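Chemist: Sharing a structure below in structure tokens format, with a few things to ask.
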Amino acid sequence: MAYDFSDAIPVSSIAEEYKYLEKIGCPACGGLLGLEKQILLEDKAGRHYDLLVVRCRDCGHQTDFLFDIHSFFGRL
């Protein structure tokens with residue numbers, strides 16, 4: 001599947017990704033989101049992104065969130 005990296009949500013840490021998911025909730029019902037899988041992606045320019053596939057714990061709706069992690073990827 002092709003992703004539009006220009007729509008990626010910029011974050012400065014993995015913790016910030018999870019805080020975002022907790023704050024936004026399920027787009028269908030507002031329920032709590034649970035992580036299904038996390039995939040590291042790279043665009044043609046070599047920038048890195050986290051794709052988080054999540055499922056609502058309440059209604060079962062699945063959705064993807066794409067995070068721009070270039071600001072901290074590869075740094076300790």
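Chemist: Cβ-Cβ distance below 7 Å, separation of 6 or more or different chains: which pairs start in segment 54-76 with a residue that is within 19 Å of L40 (Cβ to Cβ) and end on one that is of a type in the set (G, A, S)?
Modeler: V54/G34; L66/A8; F67/A8; D68/A8; S71/S12; F72/S12; F72/S13
Chemist: How many of the residues in segment 1-23 are closer than 12 Å to F67 by Cβ and in contact with a strand residue (DSSP E or B) (Cβ under 9 Å, 6 or more places away or on another chain)?
Modeler: Taking segment 1-23 as the starting set, the residues that turn out to be closer than 12 Å to F67 by Cβ are 3, 5, 7-21.
Okay, now just the ones that are also in contact with a strand residue (DSSP E or B) (Cβ under 9 Å, 6 or more places away or on another chain), so 3, 5, 7-11, 14, 16-18, 20-21.
Counting residues in segment 1-23 that are closer than 12 Å to F67 by Cβ and in contact with a strand residue (DSSP E or B) (Cβ under 9 Å, 6 or more places away or on another chain) gives 13.
Chemist: Looking at the structure I just gave you, is D50 of a type in the set (D, E) and touching a residue at least 40 places away in the same chain (Cβ under 8 Å)?
Modeler: So D50 fails the test.
Bear in mind these aren't lab numbers, they're just calculated from the coordinates by the rules spelled out. These figures come from a predicted structure and were not determined experimentally. As a convention, Cβ positions derive from the backbone with ideal geometry for all residues, glycine included, and neighbour counts pool all protein chains shown.
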